[in-house]
Amino acid sequence: MGRYVARRLLQMIPVFIGTTLLIFLMVYALPGDPVRGLFGDKATTPSVIRALRHEYGLDKPVLVQYWDFMKGIVLHFDFGKQIASGRPVTEILGEAFPVTLRLASLAFVIEAVIGIVLGVVAGLRAGKAADTVILFFTLLLISVPVFVLGYILQTVFAINLGWLEPSVTDPTDFNQLLLPAIVLASASLAYVARLSRTSVAENLRADYMRTAIAKGLPRRRVVGVHLLRNSLIPVVTFLGTDLGALMGGAIVTEGIFNIHGVGGTIADSITRREGTTLVGLVTILVLVYLVCSLIVDLLYAVLDPRIRYA
Amino acid sequence: MPELTKSADEAVPSATTAAAGAEVSEDKPEKTRSLWGDAWRDLRSNWIFIVSAVLILLLLVMAAWPGLFTNADPNNKDLANHYLQHPNYGHWFQADWLGYDAQGRSVYARAIYGTRASLLVGAGTTVLVVILGGVIGMIAGYFGGWVDAVLSRLTDMFMGIPFLLGAMVMLNSFTDRSIPVVIAALAFLGWTQTARVMRGAVITVKSTDYVQAAKALGAGTGRILFRHVMPNAIAPVIVVATISLGVYIGAEATLSFLGLGLNGVSWGNDISDGGNSIRVAQWIMLYPSIMLSVTVLAFIMLGEAVRNALDPKTR
């Protein structure tokens, strides 16, 4: 087990370097200049620009910049300075990440709980009316883009009915985050439901299910332990990679509900071509993704004792 | 429709099944009972497949000849007469049928003309993704060893980039976001899933007897890959591709919402515009959204129908 984790951690290193380098190259290789953007329409002298570019290390070759950036992160946990404000990127990350993490976690819980419940209900009644309704409902959720759903729910529940706040004024209040979290969770919820439905419907026909029923176990135990535990493996795989995707995808939801999280910061840094801020944010998202996929692999062994890691 | 499911029909063909069989075999003589032949027989009696196929055909016609559906000009602005004018539901298929937007443009005409951009982005991205991901997955799966290790890590790297963010970064540097630019950006980030599916399928096919036989007969690598491996490994890729075609259409709309989508008439732009006036004029956002969702739905349903037909286990 320990050796397996160590090997997986080692394998993560090239992937981590590759992904961050890709983002870095995408930001820097493409045209645009964050320093020139600082001045807007105002005239400035080339020497000022040169001095600023030097201060932020933008005059060095891209690969050297990447090397410096990575060295800063690994050695001093230093993500550089935001060019527009001059503040350290860690400070900006510290403000934005908790907000998005809270939103994404709430969405994650909604997605996992409702998704699995719907999926199991549909799977147990495969081919019946409940199954058809759930399948259709989830298809609908998948086919409506997140931002359309966001606008619709915002208009109906917050503006027309007045049940919830249309925009989030206090990102620590879970009541206010509920609506955005539902919107953020919607598409993934549908995938989770469909995935668990297929899995449950397939495993219902398995031999161990027949055995469990034949030896007279109560239905709750057959479904809750034997069936669920075996059916959840593909669902856990999806959920594991989805937490990172939720944080990255929160950009749309945050825009609609006026939440000041990672999404807004990312959108700002993209339009201002702020490489360091952007790469810093994405670096953390990539780390979340990698750690989650490792946890998923380790969870397999918990769910299915036949899987062993030497 | 006569019964086609009983296996006895194949041994003692009745007149109708023989005719149906002949229809299939005219297409591909040697493949009457192949995977695809079976799937096709299954699909023809599946109403979900028929509905989604008809919808997609209709959308294709709409994309090719939008003038057939409306005589209004999607770019004609008439602020003086049509600013946020309410829909006139009695005027079927007229310019004012679904109302006007904040620039006095016909919502109906724009919904029709937006089809082309969305379908082109979806189809173009899918084709590129299948080529790119298919080739990478095939090479990784077939050659194995260090080639597989390198290509699989490369896939992991691209998979680690959040899709939306990556697309935003790329598209932000283009002021002229034409259809090929958007396709290239989406495909650059989207090929990973196809590559993984293809790799898995190729690994399964690689060890089959017919591939070994081809090898023993001295067939070249290229011939083995394209004549034997690819045709037998492509089925799951086509399923994934059909479903993700709808997803790419949705992604383009989301990018438009973020201000980084296509230039010109597209559902994404219209939905995004409509969001600004949703409290006074819901119809601006509603109708392009319905078009978009129906399109995405049609492709997902088609993909799932094909998957169910190809994979008897889920039946």
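The values are calculated or read from the model by the stated rules, or taken from the named source; none is laboratory data. In this text the structure is predicted, and so the values were computed from the model without any measurement. Positions of Cβ are backbone-derived with ideal geometry, glycine not excepted, and every protein chain shown enters the neighbour counts.
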Task: Selected residue [in a helix (DSSP H, G or I), within 14 Å of chain B (Cβ to nearest Cβ) and out of contact with any Pro (no Cβ under 7 Å at 6 or more places or on another chain)] from A:A267, A:A212 - done: A:A267
TODO: Taking the residues in the range A:233-263 that are small (G, A, S), surrounded by 24 or more Cβ atoms within 10 Å (Cβ to Cβ) and part of a helix (DSSP H, G or I) as candidates, determine which candidate is nearest to the other protein chains (Cβ to nearest Cβ).
DONE: A:G248
Open item on the list: Among the residues of the range B:241-259, what is the count of those that are more than 8 Å from every other protein chain (Cβ to nearest Cβ), part of a helix (DSSP H, G or I) and farther than 14 Å from B:A187 by Cβ?
Closed with: 3
Task: Lone unmet requirement of (1) in a loop (DSSP other than H, G, I, E, B); (2) touching a residue at least 12 places away in the same chain (Cβ under 8 Å); (3) touching a helix residue (DSSP H, G or I) at 6+ places or on another chain (Cβ under 8 Å) for B:W97 - done: (2)
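Is it the case, given these coordinates, that B:L262 is at pLDDT 85 or above and either facing chain A (nearest Cβ under 10 Å) or closer than 23 Å to A:D268 by Cα (or both)?
Values: at pLDDT 85 or above: no; either facing chain A (nearest Cβ under 10 Å) or closer than 23 Å to A:D268 by Cα (or both): yes.
Criteria not met by B:L262.
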Open item on the list: Here is a check on your reading of the model: is B:D176 within 14 Å of chain A (Cβ to nearest Cβ), of a type in the set (D, E) and surrounded by 17 or more Cβ atoms within 10 Å (Cβ to Cβ)?
Closed with: no
Open item on the list: Can you say whether B:L120 is assigned to a helix (DSSP H, G or I) and either surrounded by fewer than 15 Cβ atoms within 10 Å (Cβ to Cβ) or aliphatic (A, V, I, L, M) (or both), as far as the supplied structure shows?
Closed with: yes
TODO: Could you check A:V291 against (1) surrounded by 17 or more Cβ atoms within 10 Å (Cβ to Cβ); (2) assigned to a helix (DSSP H, G or I); (3) within 12 Å of chain B (Cβ to nearest Cβ) and say which number it fails?
DONE: (1)
Task: Filter result for the condition that a residue is touching a residue at least 24 places away in the same chain (Cβ under 8 Å) and over 19 Å from A:I266 (Cβ atoms), over B:G145, B:G137 - done: B:G137
Task: Qualifying residues in the range A:138-162 (those that are under 27 Å from A:Y191 (Cβ atoms) and surrounded by fewer than 16 Cβ atoms within 10 Å (Cβ to Cβ)) - the one farthest from the other protein chains (Cβ to nearest Cβ) - done: A:V156
Task: Residues within the range B:260-288 that are crowded, with 24+ Cβ neighbours inside 10 Å, aliphatic (A, V, I, L, M) and in a helix (DSSP H, G or I), tallied - done: 3
Open item on the list: Where the second residue is surrounded by fewer than 17 Cβ atoms within 10 Å (Cβ to Cβ) and the first is touching a residue at least 24 places away in the same chain (Cβ under 8 Å) and lies in the range B:40-65, which pairs have Cβ atoms under 6 Å and are six or more apart or on separate chains?
Closed with: B:R41/B:L4; B:S45/B:M1
Task: Flag for A:V223 being among the aliphatic types (A, V, I, L, M), part of a helix (DSSP H, G or I) and at pLDDT 85 or above - done: yes
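Against the definition (surrounded by 22 or more Cβ atoms within 10 Å (Cβ to Cβ) and within 9 Å of another protein chain (Cβ to nearest Cβ)), how does B:G166 come out, yes or no?
Yes; evaluated as a whole, the condition is true for this residue.
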- [ ] Go through the range A:45-64 and give me each residue that's touching a residue at least 24 places away in the same chain (Cβ under 8 Å) and closer than 18 Å to A:T90 by Cβ.
- [x] A:Y56
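Filter the helices (runs of 4 or more DSSP H) completely within the range A:17-131 down to those with at least 1 residues that are modelled with pLDDT of 85 or more, over 30 Å from B:R153 (Cα atoms) and small (G, A, S). Full working, then the answer.
Details: elements: A:34-39, A:46-55, A:62-76, A:89-124.
Helices (runs of 4 or more DSSP H) meeting the threshold: A:89-124.
Filter the range A:178-192 for residues that are away from chain B (no Cβ under 14 Å), surrounded by 21 or more Cβ atoms within 10 Å (Cβ to Cβ) and closer than 21 Å to A:V117 by Cβ; which is nearest to the chain's Cα centre (by Cα)? Spell out how you get there, then give the answer.
Step one: of the range A:178-192, the residues away from chain B (no Cβ under 14 Å) are A:178-182, A:185, A:189, A:192.
Now narrow it down to the ones that are surrounded by 21 or more Cβ atoms within 10 Å (Cβ to Cβ): A:179-182, A:185, A:189, A:192.
Now restrict to residues that are closer than 21 Å to A:V117 by Cβ: A:179, A:181-182, A:185, A:189, A:192.
Values: A:L179: 17, A:A181: 12, A:I182: 14, A:A185: 10, A:L189: 13, A:V192: 15 Å.
If we take residues in the range A:178-192 being away from chain B (no Cβ under 14 Å), surrounded by 21 or more Cβ atoms within 10 Å (Cβ to Cβ) and closer than 21 Å to A:V117 by Cβ, then A:A185 is nearest to the chain's Cα centre (by Cα).
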